[in-house]
1. If Val106 satisfies all but one of (1) buried (at least 17 other Cβ atoms within 10 Å of the Cβ); (2) over 21 Å from Lys28 (Cβ atoms); (3) hydrophobic (A, V, I, L, M, F, W, C), what's the number of the condition it fails?
2. For the stretch 110-152, give me each residue that is surrounded by fewer than 16 Cβ atoms within 10 Å (Cβ to Cβ), assigned to a helix (DSSP H, G or I) and charged (D, E, K, R).
3. In the set Lys76, Lys155, which member is on the phi < 0 side of the Ramachandran plot, without any contact (Cβ under 8 Å) to a residue 60 or more places away in the chain and in the same structural domain as Phe45 (by TED's automatic domain parsing)?
4. Wholly within the stretch 29-99, which helices (runs of 4 or more DSSP H) include no fewer than the required count, namely at least 1 residues that are at pLDDT below 85, farther than 23 Å from Ile163 by Cβ and of a type in the set (Val, Ile, Thr)?
5. Answer with yes or no whether Ile70 is β-branched (Val, Ile, Thr) and free of Cβ contacts under 8 Å to residues at least 60 places away in the same chain.
6. Based on what the data block shows, is Ser46 out of contact with any strand residue (DSSP E or B) (no Cβ under 6 Å at 6 or more places or on another chain), under 27 Å from His151 (Cβ atoms) and small (Gly, Ala, Ser)?
7. With respect to Ile22, determine if the residue is closer than 19 Å to Ile163 by Cα and either among the small types (Gly, Ala, Ser) or surrounded by 14 or more Cβ atoms within 10 Å (Cβ to Cβ) (or both).
8. I need a count of the residues in the stretch 42-97 that are within 30 Å of Ala159 (Cβ to Cβ), among the β-branched types (Val, Ile, Thr) and surrounded by fewer than 16 Cβ atoms within 10 Å (Cβ to Cβ).
Amino acid sequence: MGKLKVWSKNLNNEIELKKEEIFKRDYKFFKIDRLERINERIDVFSDNCETCRNFKTEIEDIVNRLPEFINGSPRKRAEYEKRNDTIVKHLKLKHGLVPEQYYVSVYSFIGLLIGAILFGGATYLVEPGFVKWGLLSGFTFGLIIGRILGHQKDKTKKAEDLIL
């Protein structure tokens, strides 16, 4: 039987109540839905991780002051972002969580670079007049292969329930 997640459910209910005090565009911009997912992850990992246990009080403070952070001055908004990013960084490094479509993005970029270098270099060696076509086809093939491989990696992370 899985963990009940009472702590995270209470915090997420509190966030739901505070939604009325926050503009919808700010709700999306500051990724408050991600904060709800972070609550659930911290609740699960806090049994085995001392740092996650310590983050519980920090998250409670963030949720209690959420409208103040989001609707406040730029300094308050920056503080919210910094505190949130500290927690996300811990979850990424210690627990292996990644954002959705993370590997698709990374592998696409790497594939684009490698494809351009390989195809562009090969085209330059064979026929220097067609380098731009070699680069273009390298970009295309590298991007396609990178997206396919990244999608597969994201799929395995999702199966392992390691998506933030």
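The values are calculated or read from the model by the stated rules, or taken from the named source; none is laboratory data. Just so it is clear, the model here is predicted, and its values are computed rather than measured. Heads up, the Cβs are rebuilt from the backbone with ideal geometry, glycines too, and the neighbour counts pull from every protein chain shown.
1. (1)
2. Listed by number, the list holds a single entry, Lys132.
3. Being on the phi < 0 side of the Ramachandran plot, without any contact (Cβ under 8 Å) to a residue 60 or more places away in the chain and in the same structural domain as Phe45 (by TED's automatic domain parsing) holds for just one of Lys76, Lys155, which is Lys76.
4. Counting at least 1 such residues, we get 66-71.
5. So Ile70 fits the description; yes.
6. Considered against the rule, which asks whether it is out of contact with any strand residue (DSSP E or B) (no Cβ under 6 Å at 6 or more places or on another chain), under 27 Å from His151 (Cβ atoms) and small (Gly, Ala, Ser), Ser46 comes out as no.
7. Judged against the criteria, Ile22 is not a match.
8. Adding up the residues that qualify gives 2.
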